[in-house]
Amino acid sequence: MMALQTKLKDRSLLGLKELSRNEIESILDRAAYWEGQEQKLVPVLEGKFAANMFFENSTRTRFSFEMAQKRLGAQVLNFAAAASSVEKGESIYDTVRTLESMGIDAGVIRLKPAGVLQQLAETVSVPLVNAGDGNNEHPTQGLLDLYTMRKAFGELRGLNVAIIGDVLHSRVARSNLWALQKFGANVRFCAPPNMQAPELAEHAAYVSMEEALRSDVVMMLRVQLERHAEGMLKSAEHYREQYGLTAERASRLNRNTVIMHPAPVNRNVEIDSEVVEGPQSLIFPQMSNGVPIRMAVMERAMKL
Ligand code: CP
């Protein structure tokens, strides 16, 4: 029984910091396999139940997990905090334990606070997949970002990746940092002083906007207004002038440089609208790549 429990825990995906390079690589390779499948439905998870538990809003992550689960033939339960007993005061722990006791085989979970997921994973007996926890990690976003870069450049070693914007509040920046460094990519940050994460400075240097724009990958981050203390952002126009990927700045990029953004995008704040769909942008391909990545992650979590 104990061995089975340990095996189930190994199928959880809580973050990329703790995942080995080999494990990350095998997920990316499996995603490539799924992307190459012509049939939309390959029911390897038939008879399994997955619960998507979102305690914070989502469009891309929630729908691409559901798409991935359904393409693999799993039964899907969707839970949104706003329409649940959380509104009556039920805790995250009791909610997850409730779904676990009904017999789900895996849970995908998005949480507002950082640090809660680890505790939950230690308590429940089903694999949990992190769909974003506070500003800690967003591992499937990091995986789809690596997958997108690997497709664009062939390999990650030596790739210069600039992550620009609201690093302080970004779980995407953290998951990318931890994973990219395992593959020998050079990660640098660029952020206004009040949006820098001081604890990350020992892992990646903060550089100027001009320096950041000389990278192979320019990854723009959303300004996370909902997480800001009052007065953090002087104005959207001021931010765009200082740190936005404007059409003028984009026109000066090396022609092999690719532009990424996890989305949702604040158009004309951190990135100009015309740049989002410009020829160097991989923003929509990132969203497409989220499906095979999440197929690989759900298969790893649920297939016995
Ligand atoms: N990139 C991302 O996590 O988007 P959602 O918040 O819409 O899931």
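Do we have Gly89 as farther than 17 Å from Ala131 by Cα, of a type outside the set (A, V, I, L, M), away from the ligand (no atom under 16 Å from the Cβ) and open to solvent by 60 Å² or more (accessible area, probe 1.4 Å) here?
On the way: farther than 17 Å from Ala131 by Cα: yes; of a type outside the set (A, V, I, L, M): yes; away from the ligand (no atom under 16 Å from the Cβ): yes; open to solvent by 60 Å² or more (accessible area, probe 1.4 Å): yes.
Spelling it out, Gly89 is indeed farther than 17 Å from Ala131 by Cα, of a type outside the set (A, V, I, L, M), away from the ligand (no atom under 16 Å from the Cβ) and open to solvent by 60 Å² or more (accessible area, probe 1.4 Å).
Looking only at helices (runs of 4 or more DSSP H) that lie completely in region 203-267, which have at least 3 residues being within 30 Å of Ser64 (Cα to Cα) and touching a Cys at 6+ places or on another chain (Cβ under 8 Å)? Before the answer, list the steps.
Details: elements: 209-212, 236-243, 247-251.
It comes to none.
Could you tell me whether any residue of region 284-296 is open to solvent by 30 Å² or more (accessible area, probe 1.4 Å), within 21 Å of Asn176 (Cβ to Cβ) and either more than 14 Å from the ligand (Cβ to nearest atom) or modelled with pLDDT under 95 (or both)? Outline the logic, then answer.
So the first thing to find is which residues in region 284-296 are open to solvent by 30 Å² or more (accessible area, probe 1.4 Å), and the list is 284-285, 287-288.
Adding the requirement that they be within 21 Å of Asn176 (Cβ to Cβ) leaves 284-285, 287-288.
Applying the additional criterion that residues be either more than 14 Å from the ligand (Cβ to nearest atom) or modelled with pLDDT under 95 (or both) yields none.
Within region 284-296, not a single residue is open to solvent by 30 Å² or more (accessible area, probe 1.4 Å), within 21 Å of Asn176 (Cβ to Cβ) and either more than 14 Å from the ligand (Cβ to nearest atom) or modelled with pLDDT under 95 (or both).
Scan region 170-195 residue by residue and report those that are closer than 22 Å to Ser235 by Cβ, polar (S, T, N, Q) and part of a helix (DSSP H, G or I). Don't jump to the end; show me each part of the working.
The initial filter retains those residues of region 170-195 that are closer than 22 Å to Ser235 by Cβ, namely 170, 190-195.
Narrowing the set further to residues that are polar (S, T, N, Q) leaves 170, 194.
Hit for region 170-195 is Asn194, nothing else.
Just to be sure, is Asn78 among the polar types (S, T, N, Q), within 22 Å of the chain's Cα centre (by Cα) and part of a strand (DSSP E or B)? Full working, then the answer.
Values: among the polar types (S, T, N, Q): yes; within 22 Å of the chain's Cα centre (by Cα): yes; part of a strand (DSSP E or B): yes.
Spelling it out, Asn78 is indeed among the polar types (S, T, N, Q), within 22 Å of the chain's Cα centre (by Cα) and part of a strand (DSSP E or B).
What tally of residues in region 237-268 results from selecting those that are within 16 Å of the ligand (Cβ to nearest atom) and either among the aliphatic types (A, V, I, L, M) or free of Cβ contacts under 8 Å to residues at least 12 places away in the same chain (or both)?
Of region 237-268, the ones within 16 Å of the ligand (Cβ to nearest atom) are 259-267.
Now drop any that are not either among the aliphatic types (A, V, I, L, M) or free of Cβ contacts under 8 Å to residues at least 12 places away in the same chain (or both), which leaves 259-260, 263, 265, 267.
Counting residues in region 237-268 that are within 16 Å of the ligand (Cβ to nearest atom) and either among the aliphatic types (A, V, I, L, M) or free of Cβ contacts under 8 Å to residues at least 12 places away in the same chain (or both) gives 5.
Looking at (1) within 16 Å of the ligand (Cβ to nearest atom); (2) under 26 Å from Tyr33 (Cα atoms); (3) touching a residue at least 12 places away in the same chain (Cβ under 8 Å), which is the one condition that is false for Met220?
(2)
Among the residues of region 44-78, which ones are touching a helix residue (DSSP H, G or I) at 6+ places or on another chain (Cβ under 7 Å) and aromatic (Phe, Trp, Tyr)?
Phe54, Phe55, Phe65 - these are the residues of region 44-78 that are touching a helix residue (DSSP H, G or I) at 6+ places or on another chain (Cβ under 7 Å) and aromatic (Phe, Trp, Tyr).
The rows are residues; the columns are (1) farther than 28 Å from Leu28 by Cα; (2) open to solvent by less than 60 Å² (accessible area, probe 1.4 Å); (3) of a type outside the set (S, T, N, Q).
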{"position": "Val167", "(1), (2), (3)": "no, yes, yes"}
{"position": "Ser170", "(1), (2), (3)": "no, yes, no"}
{"position": "Leu180", "(1), (2), (3)": "no, yes, yes"}
{"position": "Phe189", "(1), (2), (3)": "no, yes, yes"}
{"position": "His203", "(1), (2), (3)": "no, no, yes"}
{"position": "Val217", "(1), (2), (3)": "no, yes, yes"}
{"position": "Gly244", "(1), (2), (3)": "yes, yes, yes"}
{"position": "Ala250", "(1), (2), (3)": "yes, yes, yes"}
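Tell me, which residue of region 219-232 that is open to solvent by less than 40 Å² (accessible area, probe 1.4 Å) and at pLDDT below 95 is nearest to Asp272 (Cα to Cα)?
Here is the first cut: in region 219-232, the residues open to solvent by less than 40 Å² (accessible area, probe 1.4 Å) are 219-221, 223-224, 228, 232.
Then drop every residue that is not at pLDDT below 95, which leaves 223-224, 228, 232.
Numbers: Val223: 13, Gln224: 17, His228: 22, Met232: 21 Å.
Checked region 219-232; the qualifying residue nearest to Asp272 (Cα to Cα) is Val223.
Go through (1) under 26 Å from Leu282 (Cβ atoms); (2) surrounded by 18 or more Cβ atoms within 10 Å (Cβ to Cβ) and name the single condition Ala121 misses.
Every listed condition holds for Ala121 apart from (1).
I'd like the residue in region 19-74 that is assigned to a loop (DSSP other than H, G, I, E, B) and within 16 Å of the ligand (Cβ to nearest atom) and, out of all such residues, is surrounded by the fewest Cβ atoms within 10 Å (Cβ to Cβ). Please lay out each step first, then the result.
Taking region 19-74 and keeping what is assigned to a loop (DSSP other than H, G, I, E, B), we get 19-20, 36-48, 55-59, 72-74.
Imposing the further condition that a residue be within 16 Å of the ligand (Cβ to nearest atom) reduces the set to 55-59.
On the way: Phe55: 23, Glu56: 17, Asn57: 14, Ser58: 17, Thr59: 10.
Residue satisfying both the conditions and the ranking: Thr59.
The values are calculated or read from the model by the stated rules, or taken from the named source; none is laboratory data. On a predicted model such as this, the values are computed, not experimentally measured, just so you know. FYI the Cβ positions are ideal-geometry reconstructions off the backbone, even for glycines, and counts take in every protein chain you see. Just so you know, the surface numbers come from the protein's heavy atoms only, side chains and all, with ligands and any DNA or RNA stripped out. Shrake-Rupley method; radii C 1.70, N 1.55, O 1.52, S 1.80 Å.
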